[in-house]
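The structure under discussion appears below in the form of structure tokens.
Coordinate-derived values only; no laboratory data. The structure presented is a predicted model; accordingly, all values stated were derived computationally and were not measured. Cβ coordinates were reconstructed from backbone atoms using ideal geometry, including for glycine residues, and neighbour counts include every protein chain displayed.
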Amino acid sequence: MSNVRPETMERITTPALAEAFIAEQVALIRQQVGDKKVLLALSGGVDSSVVAALLIKAIGKQLVCVHVNHGLMRKGESEQVIEVFGKALDANLVYVDATDRFLDLLKDVSDPEKKRKIIGGEFIKVFDEEAAKLEGISFLAQGTIYPDILESDGVKAHHNVGGLPEDMEMELVEPVKLLYKDEVRVVGDALGLPHNMVYRQPFPGPGLGVRCLGAITRDRLAALREADAILREEFDKSGLADKVWQYFIAVPDFKSVGVRDGKRYEGWPAIIRAVNTTDAMTATIEEIPYSLLHHITDRITHEVEGINRVLLDLTPKPIGTIEWE
Ligand code: XMP
């Protein structure tokens, strides 16, 4: 299969085709790996999660998953990785809470590209350190998918957090590298992964780091995480989550004057961004009903400490990129 060009491959669109793909990959993985150990950086995103589930099915505890929490995850994401892989699938999971390391390094850094480089570089360091503690690892698994091989836009330093040092002397295991995202999802479903993990919207490697605009502070990051969780909850409830490609909150590093409980209340604005696209190169704005916008505004301004305004970003791409940084 790995020699077949994707253009000539039958696309995986049904559970039956997914089952056949899984059976084929399980056999190939066993053949490639034998009784050796495999290491995987498990972010909890669709691709690495599906690769983890495939490998667990093929080789069980010979797979070691390392989940690095860089402190820039969305609310509940690291917890779900522990729940699904550490508990339900009983995987060999190493969980590293590196929040302080990342946030200390990012302190006072406001340049977006510098922030990305620090996050990407530190991720590799933490992952390397964990890998060095393990013995007898012969293979490195990666959630590379077909568009990753095709894509490179040069507008931003899109190095995925999860991109690993080239001097790591390990043979690669990349079972989904010829699949498109929608196929990976069909396979994830067939593997029994939770719906919200398989149908998760794309999330940039640097995570909330590129949405907590300018120099990241812990209080503003916490406010962003809570506001984002409210937006996601309301999009889920209203059915918009299935219609909108990517939606999130960005919080800039300035405050405006407001009033709460009869007193002056200075706070940051929460900016809602909800876009539709097929390839992320261009994007259009999803229309959100005003009643829902009012409800989301009401919840965020009442429930999130430090936020006193909610704004809606109406800018298509181009001219705005999807992320603010
Ligand atoms: P932009 O902001 O360039 O985003 O319009 C296009 C898509 O890419 C995601 N994105 C990233 N993904 N590392 C990633 O892995 C990054 O540094 C990064 N920056 C943007 C963004 O979320 C959108 O889906």
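Where does the charge balance sit around GLY45 when Lys and Arg score +1, Asp and Glu -1, over other residues with C-beta under 14 Å from its C-beta? Here the count lands on +1. 3J(HN,Hα) along the range 11-25, derived from phi through the Karplus expression 6.51 cos²θ - 1.76 cosθ + 1.60 where θ = phi - 60°, amounts to 6, 8, 10, 10, x, 5, 5, 5, 4, 5, 4, 4, 4, 5, 5 Hz, with x in place of Gly and Pro. Put in line by how crowded their Cβ is, counting other Cβ atoms within 10 Å and starting with the fewest, TRP245, TRP268, TRP324 read TRP245, TRP324, TRP268.
Helix 112-133 and the longest principal axis of the C-alpha atoms of the chain enclose an angle of approximately 40°. Ordered by the number of other Cβ atoms lying within 10 Å of each residue's own Cβ, fewest first, GLU174, GLU7, GLU266 fall into the sequence GLU7, GLU266, GLU174. Given the pairs LYS75/LYS133; LYS61/LYS133; LYS37/LYS61; LYS75/LYS237; LYS115/LYS181; LYS37/LYS133, which are separated by over 20 angstrom at their Cα positions? With Cα atoms farther than 20 Å apart: LYS75/LYS133; LYS115/LYS181.
If R0 is taken as 30 Å, the Cβ-Cβ distance between LEU292 and LEU150 corresponds to a FRET efficiency of 0.25. P(r) for the range 15-198, from all Cα pairs and a bin width of 5 Å, is 1, 7, 17, 20, 21, 17, 10, 5, 2, 0, 0 %, short bins first. Around GLY76, with a cut-off of 10 angstrom between Cβ atoms, what is the net charge of the other residues, counting Lys and Arg +1 and Asp and Glu -1? Net of charged neighbours comes to +1.
Note on the chain: with charges restricted to the Cβ of Lys and Arg (+1) and Asp and Glu (-1), its dipole about the Cα centre is near 540 debye. Amide H contacts for LEU312 (H built 1.01 Å from N in the peptide plane; partners 5 or more residues away or on another chain; cut-off under 5 Å): ILE272.
As a proxy for reagent exposure, ranking CYS65, CYS212 by other Cβ atoms within 10 Å from fewest up yields CYS65, CYS212. Counting Cα-Cα pairs of the chain in 20 Å increments starting at 0 gives whole-percent bin shares of 30, 57, 12, 0.
P(r) for the range 211-312, from all Cα pairs and a bin width of 10 Å, is 15, 46, 30, 8, 1 %, short bins first.
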